[in-house]
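Report on one structure; see the data block that follows.
The values are calculated or read from the model by the stated rules, or taken from the named source; none is laboratory data. Everything numeric in this text was worked out from a predicted model, so none of it was measured. With ideal geometry, Cβ positions are generated from the backbone for all residues, glycine too; neighbour counts draw on all protein chains shown. Surface accessibility is based on the protein's heavy atoms, side chains included, excluding ligands, DNA and RNA. Shrake-Rupley method; radii C 1.70, N 1.55, O 1.52, S 1.80 Å.
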Amino acid sequence: MYQEQVSFGDAVKRALTVNYCNFNGRSSRSEYWWYVLATFIFGMVLGVILGVIFGSESTIGSIVNGVVSLALFLPGLGLCVRRLHDIGKSGWLVLLGLIPLVGAIILIIWFAKESEMAPNQYGPVPNMVQ
């Protein structure tokens, strides 16, 4: 048995549909990082498009950007919690991100860790294939 990597498209689809506000279970490392990459690219493209259409200091552009950020916040938070579950840590540890610099560094290190390759208290290993 081995852990199969989630594709870019599947990671985004899972986060935005199946697991939109899901804080239970586990998410693999590939699922988490593909979603992070997708939201980063989307944010950059959206920023450029809104800047070209409305100008860099437009109120409408800021509102649209804020609404999109808010819509992507909950699936991202749920994914962070499930990623922490995947390495055997409590989802509440996501609050370490509120500690300037140190908290973010700790979370990045944890998010980069390999999955626990056995079922834990949060569920079975994600994406296991025989």
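Criterion applied to S56, S69, S62 was being assigned to a helix (DSSP H, G or I) and at pLDDT below 90, and the one residue passing it is S62. Taking the conditions (1) in a helix (DSSP H, G or I); (2) modelled with pLDDT of 95 or more; (3) farther than 17 Å from N127 by Cβ; (4) not aromatic (F, W, Y) in turn, R83 satisfies each one other than (3). Residues considered: S56, S69, S62. Of these, the only one that is of a type in the set (S, T, N, Q) and within 29 Å of S7 (Cβ to Cβ) is S69. Note on the range 110-127: residues that are surrounded by 12 or more Cβ atoms within 10 Å (Cβ to Cβ) and farther than 17 Å from N19 by Cβ amount to 5.
Being in a loop (DSSP other than H, G, I, E, B), charged (D, E, K, R) and either touching a Ser or Thr at 6+ places or on another chain (Cβ under 6 Å) or closer than 18 Å to R82 by Cβ (or both): is that true of R26 here? Yes: the conditions hold for R26. Answer yes if at least one residue in the range 66-80 is in contact with a strand residue (DSSP E or B) (Cβ under 8 Å, 6 or more places away or on another chain) and either open to solvent by 20 Å² or more (accessible area, probe 1.4 Å) or free of Cβ contacts under 8 Å to residues at least 24 places away in the same chain (or both), and no otherwise. No: zero hits.
For the range 82-109, taking the residues that are hydrophobic (A, V, I, L, M, F, W, C) and open to solvent by less than 50 Å² (accessible area, probe 1.4 Å), the one that is farthest from N24 (Cα to Cα) is identified as A104. Across the range 35-54, the number of residues qualifying as surrounded by 19 or more Cβ atoms within 10 Å (Cβ to Cβ) and farther than 12 Å from G76 by Cβ comes to 1. Looking at the range 9-32, which of the residues that are surrounded by 15 or more Cβ atoms within 10 Å (Cβ to Cβ) and among the aromatic types (F, W, Y) is nearest to the chain's Cα centre (by Cα)? Here the residue is Y32. Of all residues in the range 92-119, those satisfying the criterion of being in contact (Cβ under 8 Å) with a residue 60 or more places away in the chain and either part of a loop (DSSP other than H, G, I, E, B) or more than 13 Å from the chain's Cα centre (by Cα) (or both) are K113, E114, S115, M117.
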